[in-house]
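The values are calculated or read from the model by the stated rules, or taken from the named source; none is laboratory data. Note that this is a predicted model, so its numbers are computed, not measured. Quick reminder, even Gly has a Cβ in these numbers, built from the backbone with ideal geometry, and neighbours come from all protein chains shown.
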Amino acid sequence: MATVRIEGVEFELDDAARFARRLERASYGASKAGLSPAHALAIEIEEAVDVSGGAVAIREEAREIAFAVLDEWYPTAPESARRLRLVLGQ
C-alpha cells in the first residue's frame, strides 16, 4: 500500500491529502499575502500524494500551525494524524 511519511509517521494517501487540505484552509489568509509555511507544507504533502508516496519533513516554521491543525482534527482524525500530533508535541 502506498503511503506518505510525514516526520516519519506513515499516512495513507487519502489521510495525507485530508491533512494537506486542512493545512491549506488554516493558512488561507496568510497565503494570500504570499506562501505561508503551512501552505508550503500542504503543497509538499500534495506532491507526495500525487506520486503515491514519499517523505515529508515539517520545517520548524510550520510546526506550530501543523500541530494546531492536528489538535483541532484530533477527535475525528485517523491514527496516523494522532501519532503525528504526539511527535510534534514532544
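General observations
- Taken together, the criteria place Ala48 among residues that are more than 18 Å from Ala77 (Cα to Cα), crowded, with 21+ Cβ neighbours inside 10 Å and at pLDDT 95 or above.
- Which listed residue, of Ser80, Ser31, Ser36, is at pLDDT below 95 and surrounded by fewer than 20 Cβ atoms within 10 Å (Cβ to Cβ): Ser31
- Residue within segment 48-65 that is of a type in the set (Ser, Thr, Tyr), within 13 Å of Val4 (Cα to Cα) and either free of Cβ contacts under 8 Å to residues at least 12 places away in the same chain or touching an Asp or Glu at 6+ places or on another chain (Cβ under 8 Å) (or both) present: no
- Residue list for segment 67-90, restricted to those being in a helix (DSSP H, G or I), within 16 Å of Glu10 (Cα to Cα) and of a type in the set (Gly, Ala, Ser): Ser80, Ala81
- Taking the numbered list (1) in contact with a helix residue (DSSP H, G or I) (Cβ under 7 Å, 6 or more places away or on another chain); (2) free of Cβ contacts under 8 Å to residues at least 40 places away in the same chain in turn, Pro78 passes all entries but (2).
- In this structure, Val9 does satisfy being at negative phi, out of contact with any strand residue (DSSP E or B) (no Cβ under 9 Å at 6 or more places or on another chain) and among the aliphatic types (A, V, I, L, M).
- Candidates Ala2, Ala55 - the one that is within 21 Å of Leu86 (Cβ to Cβ) and of a type in the set (A, V, I, L, M, F, W, C): Ala55
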